[in-house]
1. Does V495 satisfy the condition of being of a type in the set (V, I, T), over 30 Å from the mean Cα position of the chain (by Cα) and either open to solvent by less than 10 Å² (accessible area, probe 1.4 Å) or not assigned by TED's automatic domain parsing to the domain that holds I51 (or both)?
2. Out of F173, F160, F230, I need the residue that is under 34 Å from the mean Cα position of the chain (by Cα) and not in a loop (DSSP other than H, G, I, E, B). Which one?
3. Return yes when K253 is of a type in the set (K, R), within 13 Å of the ligand (Cβ to nearest atom) and under 30 Å from A35 (Cα atoms) and no when it is not.
4. Out of all the residues in segment 288-310, which are hydrophobic (A, V, I, L, M, F, W, C) and open to solvent by 40 Å² or more (accessible area, probe 1.4 Å)?
5. Checking K387 against (1) more than 13 Å from the ligand (Cβ to nearest atom); (2) surrounded by fewer than 17 Cβ atoms within 10 Å (Cβ to Cβ); (3) closer than 29 Å to R262 by Cβ, which single condition isn't satisfied?
6. Looking at (1) under 24 Å from F246 (Cα atoms); (2) away from the ligand (no atom under 15 Å from the Cβ); (3) surrounded by fewer than 21 Cβ atoms within 10 Å (Cβ to Cβ), which is the only condition W314 fails?
7. Which of the residues belonging to segment 260-281 are surrounded by 21 or more Cβ atoms within 10 Å (Cβ to Cβ), in a loop (DSSP other than H, G, I, E, B) and more than 9 Å from the ligand (Cβ to nearest atom)?
8. Of (1) of a type outside the set (K, R); (2) modelled with pLDDT of 95 or more; (3) surrounded by fewer than 16 Cβ atoms within 10 Å (Cβ to Cβ), A347 satisfies all except one. Which?
Amino acid sequence: MEKKDTPKNSLEALVSLCKRRGFIFQSSEIYGGFAGFWDYGPLGCEMKRNIKESWWRFTVRDREDVEGLDASIIMHPATWKASGHLDTFSDPMSMCKGACRKLMRADQIWDVFAESAISEALSGMLTEAGKIASWCKGKGKSVAPGLYTVQHPEYLEKIFERLKTITDVKELFVLLATPDGEADVLPCPNCGGIMTEPRPFNLMFKTIVGPIEDPSNVAYLRPETAQAIFAEFGNVMVSSRQMPPFGIGQVGKSFRNEVTPRNYIFRSREFEQMEVEFFIKPDEAVELLHGHVAQLTDATDLSEPQPDWGWECWHKYWVEQRKIWLVKNGLPEASFVEYWQKPDELAHYARACVDIEYRFPFGVQELEGIAARSDFDLSRHQEHSGKSMEVFDEPLKLAVKKLSEAEKAAFREKVIAAWVARGKTPEAANAFLDRLFEGRYIPHVIEPSAGVDRMALAMLCNAYEEQALVDEKGKEDVRTVLHLAPAIAPVKVAVFPLVKNKPELYALARSIFKKLQRRYNCFWDESGAIGRRYRRQDEIGTPFCVTVDFDTLEKDGTVTLRDRDTMKQERISVEALICKLDDLIFG
Ligand code: GAP
C-alpha cells in the first residue's frame, strides 16, 4: 500500500478511540461521570506505567546523582503553611450576580466568552447598531437574559451612536452589559449579568484525619509531590550519602480542586506528577571552591555536569535533559515550544522558569516546567519546622580557610553588592556569608516538574493519525494508527498464528508468544484475516507484530516481523527475534 495523506484528527476522534479501545474512561461513568476525574483502562494504565517507568529510568535509576522517594500523599498540615500553599495556592473566583449565578475563574472569563453564544451573536453584528438593538429586544432575551440592555432596552437609545463605531466584540459586550460609568466590571459570558469581585479560592482538597471532625484535624491532599521531597531532603541526603549537587525524584498522585477542569485529561482534579528537586550549591559556594562560576553561554557544553557550574548552567542543563527525554519518547522537537518566563511573570523566589509547551489540538499549553527556585523552599521549611536544612560542606570550609582576611573581606563586599542589587538586605547577605565561611549553606533548587497525564495526552495527540491509503488495485482505505514510541506503547508485540486449525503451527506460535510475554506486554490474536489483525494493533499503537506461518513450521523456522509505521515485513529467526525487539523497543 502507498501512503497517500496524513491528516491529523481532532481531539474528539482521539477521545472516542481512547474509550473504545480501553485507554481512558470517564470516572464513575455509571453514575453520570465525575468532573475532573478519569480512569485509565487496560491499555491506558500500561501506557501510563511506561511513561513513568521511562522517566524513572532516565531521571533516577540511570543517574548516580538522583535518589528516589515515595512519600505519603497526606502530610503534616504545617507543610502547606510553610510552602505557601495555604495562603496563596488559589484561583480568583467570581460569581454571576445575575440570572445564572454561575461560578467562574475570573482570569478565564474572557476565554469562556470567546466560545460563548453571546460572543458568536455579537461578533456577527459589530457596528450594526440597528441589528444590535433588535437583538437585545428579541433573541437576546434567551441568549443573554442578564444583559443590562436586554433588561433595560431604553438604554440602547443612549448608546446608539457608540454602537455604530465599536469594532471589538469584548468592548461591545462590556458596553451592553453595564450602565455608564461601570466600564471596569466583568460581565458574565453565560447570561450577560455582572460578576462579583474576584475572591481567592484555595485549590487544596481538605480531609479530616482521625475520627473527630474538628478544624484542628483538617489535613490536605498534596497539591504537588515536591513538598515531601523538601521535607525529606535531610533524611535522603544522609541515608544515601549524597551532597549537593544531587537530586531526589518522585512520581505520584497530586490533587487540585480545579475550578474548571477541562480539555480531557489536560487539567484534572486528580493527576500524577513526575518531579525532581535537584539541590545545588549556591553560586557563592561554587566561587569559593573553584575560584569562579562557569558562565552560561551558547557554547557551554551541557552534556556532562561540571563542578564549577552555577545555577544558570544547572537550570539550562535540566531543560536540555527534559527535551532529550521528550524526543526519546516520541515527541519531536517541532511539537513543543520552550517558553522562558519573563522577569515579571516569575514567582518572587524564582530566578528563572521554562515552560515546555505542547501544541495540543486546543492550543499551545504547558506540558511541564523547569524552575530555578533558589533556596526558597528549604529556607521556608527550616523557618517553619525549626529544623536545620543546611548542609555542611567540608571542602568549602577548607577553601575558605585558605583565604586571607583581605580576600574574605573583598568577597564579602562583592556578594553584599550583588545581593542588594537583587533587592535583598545587606543584613541577610551578611548572615548568609557568616554561615558560608563556616562551610554551611541551604542548597538551592532546580525543579523539573512534569505531569504524567498531560504527557500521556501529548503523546497520544502526537501519535494519532488517520492515514488515507490506496492499495495496488487503487482501492482507498483509511488506517487509524497511533505512532507511539515503542517504549511508551501499551502493547509492544502482537503474535498471530497464520491459521488456527493447524495444531503444530498453533502450538509453535503459542510457545513464541509465551517466550515474548516474559519480556514485554504482548497480545495474542488468532481471529480474522491477518490484515484485520494488523489494523487492530495499529489503532492501539503496537509497534511490532509477529506472524507464525507455514515457513516457520516447515521451511526455515523464521517468522515475519511487521513494523507498524512502515507496514514493512521482514523474516527473522525466532532466536534473533528477542535481541532485535530489545533493540527496537529499548534501543
Ligand atoms: N512543583 C511544581 C509544580 O507543581 P505546576 O506547574 O503547578 O508546578 C507541574 O505543575 C506540572 O504538573 C504541570 O506542568 C502539569 O504537567 C502538571 N499539572 C499541574 N496541574 C495539573 C492538573 N490540574 N491536571 C493535570 N496535570 C497537572
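1. Details: of a type in the set (V, I, T): yes; over 30 Å from the mean Cα position of the chain (by Cα): yes; either open to solvent by less than 10 Å² (accessible area, probe 1.4 Å) or not assigned by TED's automatic domain parsing to the domain that holds I51 (or both): yes.
Yes, satisfied.
2. On the way: F173 fails: under 34 Å from the mean Cα position of the chain (by Cα); F160 fails: under 34 Å from the mean Cα position of the chain (by Cα).
Of the residues listed, the single one that is under 34 Å from the mean Cα position of the chain (by Cα) and not in a loop (DSSP other than H, G, I, E, B) is F230.
3. Details: of a type in the set (K, R): yes; within 13 Å of the ligand (Cβ to nearest atom): yes; under 30 Å from A35 (Cα atoms): yes.
Here the answer is yes, as K253 does meet what is asked.
4. Quick first cut of segment 288-310, residues hydrophobic (A, V, I, L, M, F, W, C) only: 288-289, 293-294, 296, 299, 302, 309.
Listed by number, the residues that qualify are L289, L296, A299.
5. (3)
6. The number of the failed condition is (3).
7. Y264, K281
8. (2)
The values are calculated or read from the model by the stated rules, or taken from the named source; none is laboratory data. Note that the structure is predicted; figures quoted are calculated from it, not measured. Note that we place each Cβ from the backbone using ideal geometry, even for glycine, and neighbour counts take in every protein chain shown. Heavy atoms of the whole protein, side chains included, go into the accessibility calculation; ligands, DNA and RNA do not. Shrake-Rupley method; radii C 1.70, N 1.55, O 1.52, S 1.80 Å.
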